[in-house]
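The values are calculated or read from the model by the stated rules, or taken from the named source; none is laboratory data. Keep in mind it's a predicted model, so treat the numbers as computed, not measured. Here the Cβ positions follow ideal geometry from the backbone for every residue, glycine too, while neighbour counts run over all protein chains shown. Side chains are part of the model used for accessible areas, which takes the heavy atoms of the whole protein and leaves out ligands, DNA and RNA. Shrake-Rupley method; radii C 1.70, N 1.55, O 1.52, S 1.80 Å.
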Amino acid sequence: MNLISKFKENVSSVLPVMLIVLVLSFTAAPLGFNLIARFLLGGFLLILGLTFFLLGVDIGIQPIGEQSGAALASRRSLPLLLGISLLIGFLVTVAEPDIQVFGDQIHSVFSVVNKTHLVFMIALGVGLFLSFGLFRTIISMNLKLTLLFCYAGIFVLAFIAPSAMRGVAFDSGGATTGPMTVPFILALGVGVSNVRAGKNNGSGESFGLTGITSVGPVIAVLVYSIILSRNGFESTGLSGGADAAAEAGLSIFAELLPHAFYEAAVSILPVVVMLIFFQIFLFRLPPHKLIRISIGLVYSFLGLSIFLLGVNGGFIAAGSKLGLILGTKASTLGGFWSVLLILTGLVLGAVVVCAEPAVWVLTEQVENLSGGAIKRKLMLVFLSVGAAIAIALAMWRALSGFNLMYLLVPGYAAALLLMIFSPQLFTGIAFDSGGVASGPITSTFVLSFTIGASSACTGNSDSFGVIALVAMTPLIAIQVLGIIYNKKLKNINKDVQKGGEQ
C-alpha cells in the first residue's frame, strides 16, 4: 500500500535524527523528561503528518499540476502558460510546509520580519522565476549562461542587503523546493516539453527548471530585506521564555492544535481555489477524477496539520534546546565541547542526507542517466560528505560568528566554475538537486539546532545560512561526478576506437 511505503520512507528519514538526539540527551546534553517526551511524540507526529501529506500530494496535488501542464500545453499560448505558471508557483509555495515552518523561525529571531509578508515575497519569487525558467526552455536559452547571470545578480543584491538577512535569503532558496512545490514544477516542465514538440530538447534541457526557480526566493528575500533595512534587523535572541516553553508538558500539543489546523487551512485553501478555478476554465475533469483529487487535498490538509503540530510541539523545541546546551558549553568551556558541537553537526549532515528519500530518488536517476558509470553509492558518499562538512561549517560559524559570505562566495564560485567543465546534463541535475538535500529535517530540526547554538555563542543573527550551505553541496558534488563521468566516457570511446582499428 502506498501509505505504508511512504510511512516507512519517513521513518527512515526521521528516526536516525531522533536516535542522535536521544544519545546526546542521555549523555552530554540532558533535555529533561518533559522535553524528551514532547520530542518523541513530535517526531511521531512529524512522520505521520509527512506520510499523509505526501500521499495527498500524490493523489491530489500532483495531478493538479499534471493537468495544468497538459491543459496549458494544449492551448499553445505562451502568455497563458507564463501567467498561469506564475500563479501556480505563488499558490503552491504558500502551501509548502517547509516555508510555513521557516517563516515562523525567521519571525522568532527577527521581530521586524512579518511572516505573511515574507512568505508572500518568497512565493512571488518562485512564481516569477518559474515563469522565467519555462520561457528559457521554450526559447532554448543556454542553461549555464542563465544560471551564471542569475547568481551574479544574487551576489550583487547580497552585498547591498543587510548582512543579517543574507543567510535567510539563501536559506529560502533551499526551503522552497519541497514536496508541494517540486511536483508542480516538474509537471509544468513536462507541459512545456509538449509545447516544444518537434524541437530538439537536447540531453540537458529536461533539467534545470527547479534550479532556476529556486533563484527566485533568494532574490525576493534580498529585495524585501533592502526595503525593510531602515527598520534594522536586530536579533531578538532566545529569551528565558524559551526555557519555560521547553519545560512545558504534553498538554502543549492540545494548545497548539487549533493553530496547526488554522495554518494548514491557510496553506491548502489557495490550492483548493486554484482547483475550482482551473476546473471551471481549464480542466473540466470527470467527476471521479475530481473526487479523487479532493480526497488527496483532504489528506494533504490533515497531514500538514499533524506535521505542523509535531514540529511546533516538540521537534523544534528539542532542537533549539539541544543547540543551546551544547553551544553554551562550547562557548564557556571550549575545547572538547567545541569539538563535540562541530562533530554533532558533522554526524547530523551525514545522517540527514542519507536518510532523505528524495536523495535516493536523485541518486538512482543519475545512475540510470550515466548508464551505470556513476554508481549510486559513490554519489551518496559525495553528497553525504558534502552535507556533513556544510553543517559542521555552520557549527563552526555559530562558535566564531564569521561572515556567511566567506563560505557562500567561494562555494558558489566553485559551482559556477565547474559549469565550464561539467556536461550540461549534470549541471542541470546539480542545480535542480540543490534543494533535495535540504528536506524537512534540515528545515526544522537542523535549523532550530543551529539557532540554539548560535544564540548561546554569538547571537541569532548568525543562525541562518545552514540550509543554504547544505543546498550548495550538490551543486559542486554532482558536477564533479559529471566531469568524472565525461572522462570515463571519453576513455571508453578511445578503447572502442582502438579496438576498431585493430
Rh (Kirkwood, all Cα-Cα pairs) for the range 67-175, Å, reads 15.5
Under 16 Å from the Cα of K329 - lysines, other chains or at least 8 residues apart:
K321
In Hz, Karplus ³J(HN,Hα) per residue of the range 396-412 (6.51, -1.76, 1.60; θ = phi - 60°; x = Gly, Pro):
4, 5, 4, 6, 9, x, 6, 5, 4, 4, 5, 9, 6, 4, x, x, 6
When ranked by the protection proxy of mean other Cβ atoms within 10 Å per residue, highest first, what sequence do the peptides 273-283, 114-124, 51-61 form?
51-61, 114-124, 273-283
Per residue of the range 269-282, in order, report the coupling 6.51 cos²θ - 1.76 cosθ + 1.60 (Karplus, θ = phi - 60°) as ³J(HN,Hα) in whole Hz, putting x for Gly and Pro.
4, x, 5, 5, 4, 4, 4, 4, 4, 5, 5, 6, 10, 10
Rounded to the nearest 500, what is the 222 nm mean residue ellipticity of the chain from helices alone, with -39500 (n - 2.57) per DSSP H run of 4+ residues and division by all residues?
-26000 deg cm²/dmol
Extension gain L22-F402, at 0.36 nm per residue separation less the Cα-Cα distance, in nm?
133.8 nm
Residue by residue, what Karplus-based ³J(HN,Hα) values in Hz, rounded to whole numbers, does the range 51-66 have, using 6.51, -1.76 and 1.60 with θ = phi - 60° and x for Gly and Pro?
4, 5, 5, 5, 5, x, 4, 5, 9, x, 7, 4, x, 5, x, 5
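When the accessible area of the range 47-152 is computed with all protein chains present and a 1.4 Å probe, what percentage of it is carbon and sulfur? Each step should come with its number before you reach the end.
On the way: 2430 of 3450 Å².
C and S fraction of accessible area: 70 percent.
Stick to Cα atoms and the Kirkwood definition of Rh, then tell me Rg/Rh for the range 381-486. The partial results should precede the final answer.
Working: Rg = 14.3 Å, Rh = 14.1 Å.
A ratio of 1.02.
Using Cα pairs under 8 angstrom and six or more residues apart, how large is the relative contact order of the chain, in percent? Walk me through the numbers before you get to the answer.
Details: 826 pairs, mean separation 126.1, N = 502.
RCO, the chain: 25 percent.
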Computed over the chain, Cα set: Rg, Dmax in Å
22.3, 79
